[in-house]
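Heads up, the thing below is written out as structure tokens.
Nothing in this text is a laboratory measurement; each read-out follows from the coordinates by a stated rule. As the structure is a prediction and not an experimental result, all values here were calculated from the model. All Cβ positions, glycine included, derive from the backbone under ideal geometry; neighbour counts span all protein chains shown.
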Amino acid sequence: MQIGRKIGIFDSGLGGIFIANAIRKILPQYDYLFLGDTLHLPYGRRSTENIYDLSEKAMRYMFDQGCELIIMACNTASATALRKLQQDFLVKEFPHKRILGVIVPTLEVAIEHGATRIGLLATQRTVHSSIYELELKKINPNVILFAVASPLLVPLIEYAGEKYLDMVLQDYLQPLQDEKVQSLILGCTHYVSIKDRINNLTGGNIDLLSQDDIIPTKLANYLQRHPEMEKRLSRGSSFIITATDLNEGFKNNIAQLMNRNMPYSILSN
Ligand code: DGL
């Protein structure tokens, strides 16, 4: 692969493509590399140690492929591995590169929207890490967060189980509706694809915070505040997609998700 100075976008699977597409819409000039760890999906039921090891391997691969900055789009990896990667791995091995997570930027927007009771739908690992509560306390301790682990959603989304989604979703959403949350964080990249469904099920009464609406602007702000990083990035408008297991299902899903005027290439590794 030609080595450009790219922005990397990492996810355990397909969901990160929604974030990548949204980022490219507002920042089309840069070169991007997307990596989905399809071989090890879902991350949501893995141990913290295992997610750390997988994430470190993914970061190393992406840096070796010329990424200067990586968006860790995967909430589960952001929740469990990001801090150690930033404080230990980056400092020791890639001191001039950066890895940015998605949790704090999402909470900042949730607070800006003014809710005092916020719901969170996320994987088991993200919910059990309590990272959203811990970070929220630092930003605004008066806001209450109600978290629901929703382990069935990722497999249903990845493996064409749409027809079962409403039933499962109703079950996950009920406790959040009972708690009268005003905003709901869709705390997993995959949930971007079901936000309309969630909106229908909640009667449009809950403000949905979806990371494809949040991360692109946050990245643009970051690049404005960090011209030293922005200047390092190459501008070829390319988008390379790769996965640890480039299986047919993944390739078919990608073909459906990419719109025609957003050219991309698939890298076999
Ligand atoms: N896409 C990941 C996230 O944002 C979770 C999917 C998985 O369980 O691998 O949390």
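To the nearest Å, what is the center-to-center distance of the stretch 183-243 and the stretch 71-103, using C-alpha atoms only?
Cα centres, the stretch 183-243 to the stretch 71-103: 17 Å.
To make sure I understand, if each residue's beta carbon is the centre and we count other beta carbons within 10 Å, what order do 116, 217 fall in, fewest to most?
116, 217
Could you give the length gained by full extension between residue 117 and residue 228, i.e. 0.36 nm per residue of separation minus their alpha carbon distance, to one decimal place?
Between residue 117 and residue 228, full extension yields an extra 36.1 nm.
Can you work out the Karplus-derived ³J(HN,Hα) for every residue in the stretch 199-204? Use 6.51 cos²θ - 1.76 cosθ + 1.60 with θ = phi - 60°, whole Hz, and x for glycine or proline.
Once θ is set to phi - 60°, the couplings for the stretch 199-204 become 4, 4, 5, 9, x, x Hz.
Give the order of 99, 17 when sorted by the count of other beta carbons within 10 angstrom, beginning with the fewest.
Exposure proxy ranking, most exposed first: 99, 17.
Just rank 232, 98, 46, 125, fewest to most, by other beta-carbon atoms within 10 angstrom.
Fewest to most other Cβ atoms nearby, the residues stand as 232, 98, 46, 125.
How much length would be gained if the chain were fully extended between residue 87 and residue 257, taking 0.36 nm per residue of separation minus their Cα-Cα distance, in nm to one decimal?
Full extension from residue 87 to residue 257 adds 57.7 nm.
All other residues with a Cβ under 10 Å from the Cβ of residue 125 taken together, and with Lys, Arg as +1 and Asp, Glu as -1, what is their net charge?
That works out to +2.
For the residue pair residue 159 and residue 60, what label-to-label distance in nm results when each label sits 7 Å from Cα along the Cα-to-beta-carbon direction?
3.0 nm
Show me the chymotrypsin sites (Phe, Trp or Tyr not before Pro) within the stretch 153-190 that DSSP assigns to loop and that have at most 13 other Cβ atoms within 10 Å of their Cβ.
Sites meeting the loop and neighbour criteria: 159.
Need one word for the stretch 31-106: rounded, prolate or oblate. Basis is the Cα gyration tensor (sqrt eigenvalues a ≥ b ≥ c); a/c below 1.5 gives rounded, then a/b vs b/c decides.
rounded
Starting from the Cα gyration tensor of the chain, take the square roots of the eigenvalues, sort them a ≥ b ≥ c, and report rounded, prolate or oblate (rounded when a/c is under 1.5, otherwise prolate if a/b is larger than b/c, else oblate).
Since a/c reaches 1.5 and a/b is larger than b/c, the shape of the chain is classed as prolate.
Show me the three semi-axes of the equivalent ellipsoid for the stretch 78-202, from the C-alpha gyration tensor (sqrt of 5 times each eigenvalue), largest first, rounded to whole Å.
Value: 27, 19, 11 Å, ordered largest first.
Around residue 27, with a cut-off of 15 angstrom between Cβ atoms, what is the net charge of the other residues, counting Lys and Arg +1 and Asp and Glu -1?
Around residue 27, the charge tally is +4.
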